[in-house]
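The values are calculated or read from the model by the stated rules, or taken from the named source; none is laboratory data. Remember, predicted model here, so these are calculated numbers, not experimental data. For neighbour counting, all protein chains shown are included, and Cβ atoms are generated from backbone atoms with ideal geometry for every residue, glycine included.
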There are 2 protein chains.
Amino acid sequence: MHHAIGFIQDFAVIMAIAGVVTVLFHRMRQPVVLGYIAAGVIIEPTPPFNLIHDEATIQTLGEIGVIFLMFSLGLEFSLRKLFRVGATAFVAALSEIVLMIWIGYEIGRWFDWNAMDSLFLGAMLAISSTTIIVKALSELGMKGEHFAQIVFGILIVEDILAIAMLVLLSGIAQTGSVSAGVAVVTLGKLLLFMTVSLIVGILSVPRTLNYVARANSDEMLLVTVLGFCFGFCLLVVKLDYSVALGAFLIGSIMAEARHLARIEHLIAPLRDMFSAIFFVTIGLLLNPKVLVEYAWPIAVITVAVVVGKIVSCGLGTFLAGKDGRTSMSVGMSVSQIGEFSFIIASLGLSLKVTSSFLYPIAVAVSALTTLFTPYLIRAADPITVRLGRAMPAPLANTFGLYSQWLASLTPVSGGPTLFSMTKRIVLQIAMNLALIAAIFLGASYAAPFASTHLARWLETDNTQRVVLWSAALIVALPFLVAVYRKLESLALLLAEVSVQPAKAGRFTRAIRSAISGLIPIVAMFGVFLFVAALSGSILPPFGLMVGVLLCAALLLTVLWRWCVKIHATMQIALRETFEDPREH
Amino acid sequence: MHHAIGFIQDFAVIMAIAGVVTVLFHRMRQPVVLGYIAAGVIIEPTPPFNLIHDEATIQTLGEIGVIFLMFSLGLEFSLRKLFRVGATAFVAALSEIVLMIWIGYEIGRWFDWNAMDSLFLGAMLAISSTTIIVKALSELGMKGEHFAQIVFGILIVEDILAIAMLVLLSGIAQTGSVSAGVAVVTLGKLLLFMTVSLIVGILSVPRTLNYVARANSDEMLLVTVLGFCFGFCLLVVKLDYSVALGAFLIGSIMAEARHLARIEHLIAPLRDMFSAIFFVTIGLLLNPKVLVEYAWPIAVITVAVVVGKIVSCGLGTFLAGKDGRTSMSVGMSVSQIGEFSFIIASLGLSLKVTSSFLYPIAVAVSALTTLFTPYLIRAADPITVRLGRAMPAPLANTFGLYSQWLASLTPVSGGPTLFSMTKRIVLQIAMNLALIAAIFLGASYAAPFASTHLARWLETDNTQRVVLWSAALIVALPFLVAVYRKLESLALLLAEVSVQPAKAGRFTRAIRSAISGLIPIVAMFGVFLFVAALSGSILPPFGLMVGVLLCAALLLTVLWRWCVKIHATMQIALRETFEDPREH
């Protein structure tokens, strides 16, 4: 019992001080988050009392706090919403990130910091703080508003881009440069991973949760939810992605479970406790001396973050076709930096390429911008009104014309247009290709482990490859069949549109059938090359592969209907999960 | 972010395996607790995979689990219920502990273990597992039944006696014997501590919680509750009591808050998560090899625990006046050992007086008896019926007569009897004396710290003593006045009863007023001696003390009414807290 006392003391000190400060901040109508950070600052600089004994454990619990924060954010986010605000969010997030990296880099150079410090400063300013925005919006009761949905979309796009940025930054820090090829592959792998986990997850996780929830035991449901959450986070970490991404993804998968409301209720206290520890640990890291020393850079960077983010993100949202008021609210919501900046700062420190002052500056700027966030969000509407009045007429007209032009571009909603039908089919093909890619990549990844077991029965390397590759092929068959069938429909559609009787005359039918017959075959050859490229390490030699393919073709004549059925079942299951009504 | 991955992995492994095993155990209709222990066993003996990296942190979290378990037990327990079942619980718990220590010791000697191993085995078998009983009863939906209330009462009395036992065992282990005086002082201090913390806690904690709850923020309420809980646990640990007692006490204090239902809802997920970790850590400690080696002792001890506890606790309950059916249910509920046995076992190990095999035996017996608990509880009623039929008539008659005799002893409830009035006044005097004792003990405890500060202004040791003792006296004044006033009422009551006009004749009035005037003064002199004994280290020399007392008497003539008022306010506040309706 006794070795835990140091830890219990830490926990007691954090909770007691956090409790008092939080109540005080609430009375002063300040965000609770700031109260936690202030509690951390109070706890930290008191060496005579030595309030914290086991800082490593507290830091670990703080990181669990990040997991719970991102997980509940995922629970509150539905994929449908992301698709709805996807384009806007992407434009806004990209313009924000590019502009903020540039501003941060320039500020760094202006202060005569070296190139690497400046680059990391830019990266630190690029990403807004999901946790602080979610907290601020929910404290203001604005989580349900339209602009908030766009903000959440931006935050997710930011998280995805941030992970790519982390990988690229590590590359630059270690080698001094990064090739475009590596960047593309990194992003491609990330997208593939997300797609596959979403599909597999939505097929399996909500069903399991619905089954467990039927037992009516909150404890069992909680343990299962935590098992899924941390199990998936572990997988994500092993694949070298951030644990925050994993927690968010699994949260958005669980958001499709029928008992979402119950899960949210069970997770809320865990999130509140661990996130309190997380914010206190930020305060613990804040050294007042460094703040005084770097007061001037902190002030400049704070102003740059607030102004830069409002302009870049607001403008991005506006350019993507939202009205001025929404754009201003979006810009004002994201005008801060947070946990991701700390991650970037500690990456620089652990790679030993940045100076030690970057971390406290990040925390200080984050604290200051966090302090402003709720006021800025509340000020968005009044400022928009004033700006509208103060704006010179020609500029206002230009903005108006732009909005009108964008509105004229959006297709009139109604029956399924050709475009939407094509989009749907292409999306389905992409999803199936992602699953196929995942299967063959998984087989290649598992090959070294499998070969040690296979070596007992199969002597040559080639036979092992044949077995592995054939196994992957069989698992992938339903999806390959689906891709082929979708390609057929796509080809029919294209043939119908591209070959007009007016031009082709009596050859119309022949050309159309040629096109609709050829396209799937050519495309399937492309798919084969794609698969072969992905599974290079387990690809059998040519002769054997032809044999395997012939066997597969034979198998298909028998299994075709079964493959179609399997795929249809999965598709229906996916749709059902999305359409399953939630209990409240 | 990266040093936490080992811990996240541990957490993920524990939660994922616990989730699966729990669902399996639920399907097999076994208690979930066993599922957790089984998950621990599955995780442990796999050195090639090395599933757990940071076992110390996991153990720490497990101990946090004990805190949350005891805390929620406290939340569910109300002090009024303890008072109602107090006598029964005390008789049953005492007979259980004495008998089980004896049985354990005898079994140990029978296996040729040394005296210390045998004594610790006895202590290990003495205390039942609060957590497992609470879990089993709530899974069976029997938490609200009458026998369950008695069981909870027994568990609390056991916890109090267990803490005394821990202190006594440490003494015996280190010196080979323990004096009766030390035992009495230990128990007295414990009782004083509990009384004072309950009074002070109930006066302050529920009010604060009601205030915080008004803000309608679950997060703030949770952080405040956790601050109180862990803060109090820390205080308790610093006073060398067990953290489990602290968590239980603060829980039962918070049970008087108006928003109890909300607090219970917020704490439940934390309790479930951490207690899952706690039970998994028990499984982690279970080494299958030792179990096989000690299969025979384990079997014997298991049978001894089940039979011994049913007989001792059931008989104790029956002797305290409950019917046979209730007694059987009580006995069957407590027929297992649990977390406290692990604490005793690790105490023996850390003091290096016991052999290493005791710990795995404790875990194995605990696992087996846990397994039986739900079946035994369900079997209690049928067994009682069978026993009733099978019992020889003379024996049954004796039992019947005993019940009737006991029933004839219990006072007929109705208006306030002389006995109940006396009891009430004595209780109030005892409570005030406890507070007075705490104030003077606190002042003595604080004296070394205070004297360093006081030394600046007050040169001699004597003047420091005068200041400290006077300060304690002034703080204690309202309670001293209250004691005096209650003594007056008590004396009046005694005078009325003891001096009958039939005997004393015309002196009745004079004798009565002499008695009622003398008793309080004599008793207050006793109180003074009591206080002087407690505050020996800060007692001023005789001359100065007389001066202080004279000053206090002068002060009293001015402040008498104010003291009465202060005390009345506190008394009303205490009663209001108890009578405050709860929100649901």
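Things worth noting here:
- Qualifying positions in the stretch A:194-221 - buried (at least 17 other Cβ atoms within 10 Å of the Cβ) and not in a helix (DSSP H, G or I): A:Ser217
- Among residues of the stretch B:508-524 that are touching a residue at least 24 places away in the same chain (Cβ under 8 Å), those with a Cβ under 8 angstrom from a residue that is polar (S, T, N, Q), sequence gap 6+ or separate chain, pair up as B:Ile515/B:Ser498.
- B:Glu264 satisfies every condition listed in (1) under 19 Å from B:Ala148 (Cα atoms); (2) of a type outside the set (Gly, Ala, Ser); (3) within 14 Å of chain A (Cβ to nearest Cβ) except (1).
- Counting residues in the stretch A:197-204 that are within 11 Å of another protein chain (Cβ to nearest Cβ), in contact (Cβ under 8 Å) with a residue 40 or more places away in the chain and over 30 Å from B:Phe228 (Cβ atoms) gives zero.
- Positions within the stretch B:304-336 being basic (Lys, Arg) and at pLDDT 85 or above, in sequence order: B:Lys309
- Residue match in the stretch B:301-318 (condition: in contact with an Asp or Glu (Cβ under 6 Å, 6 or more places away or on another chain) and farther than 27 Å from B:Ile383 by Cβ): no
- Matching entry among A:Tyr445, A:Tyr484 (being aromatic (Phe, Trp, Tyr) and either more than 30 Å from A:Leu190 (Cβ to Cβ) or buried (at least 16 other Cβ atoms within 10 Å of the Cβ) (or both)): A:Tyr484
- If the condition is being more than 8 Å from chain B (Cβ to nearest Cβ) and either touching an Asp or Glu at 6+ places or on another chain (Cβ under 8 Å) or surrounded by fewer than 24 Cβ atoms within 10 Å (Cβ to Cβ) (or both), then the stretch A:222-235 contributes only A:Leu235.
- Residue match in the stretch A:301-310 (condition: surrounded by fewer than 22 Cβ atoms within 10 Å (Cβ to Cβ), touching a residue at least 60 places away in the same chain (Cβ under 8 Å), in contact with a Lys or Arg (Cβ under 6 Å, 6 or more places away or on another chain) and more than 14 Å from every other protein chain (Cβ to nearest Cβ)): no
Here's the yes/no breakdown for (1) over 28 Å from B:Arg262 (Cα atoms); (2) modelled with pLDDT of 90 or more:
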residue: A:Ala244; (1), (2): yes, no
residue: A:Ala255; (1), (2): no, no
residue: A:Ile267; (1), (2): no, yes
residue: A:Arg271; (1), (2): no, yes
residue: A:Ser275; (1), (2): no, no
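- Screening B:Ala268, B:Ala261, B:Ala276 for residues that are surrounded by fewer than 20 Cβ atoms within 10 Å (Cβ to Cβ), in contact (Cβ under 8 Å) with a residue 40 or more places away in the chain, touching a helix residue (DSSP H, G or I) at 6+ places or on another chain (Cβ under 9 Å) and not assigned by TED's automatic domain parsing to the domain that holds B:Asn210 leaves exactly one candidate, B:Ala268.
- Of everything in the stretch B:238-256 that is within 15 Å of B:Glu339 (Cα to Cα) and within 11 Å of another protein chain (Cβ to nearest Cβ), the residue that is surrounded by the fewest Cβ atoms within 10 Å (Cβ to Cβ) is B:Ser242.
- The residue list A:Leu349, A:Leu358, A:Leu371, A:Leu376 contains one member that is in contact (Cβ under 8 Å) with a residue 24 or more places away in the chain, within 27 Å of A:Leu169 (Cβ to Cβ) and among the aliphatic types (A, V, I, L, M), which is A:Leu358.
- In the stretch B:4-40, the residues that are in a helix (DSSP H, G or I), more than 7 Å from chain A (Cβ to nearest Cβ) and at pLDDT below 80: B:Gly6, B:Val33, B:Leu34
- Subset tally (residues that are part of a loop (DSSP other than H, G, I, E, B) and under 20 Å from the mean Cα position of the chain (by Cα)) for the stretch B:119-171: 4
- Of the set (1) within 20 Å of B:Phe528 (Cα to Cα); (2) surrounded by 17 or more Cβ atoms within 10 Å (Cβ to Cβ), all apply to B:Val499 but (1).
- Residues in the stretch A:208-221 that are in contact with a Ser or Thr (Cβ under 7 Å, 6 or more places away or on another chain) and facing chain B (nearest Cβ under 8 Å) were compared, and the one that is farthest from A:Ala268 (Cα to Cα) is A:Val212.
- Conditions (1) within 14 Å of chain B (Cβ to nearest Cβ); (2) part of a loop (DSSP other than H, G, I, E, B): number failed by A:Thr281: (2)
- Condition check for A:Val330: more than 14 Å from chain B (Cβ to nearest Cβ), buried (at least 24 other Cβ atoms within 10 Å of the Cβ) and part of a helix (DSSP H, G or I): yes
- Residue check: B:Met70 meets all listed conditions (1) over 21 Å from B:Leu347 (Cα atoms); (2) at pLDDT below 90 but one, namely (1).
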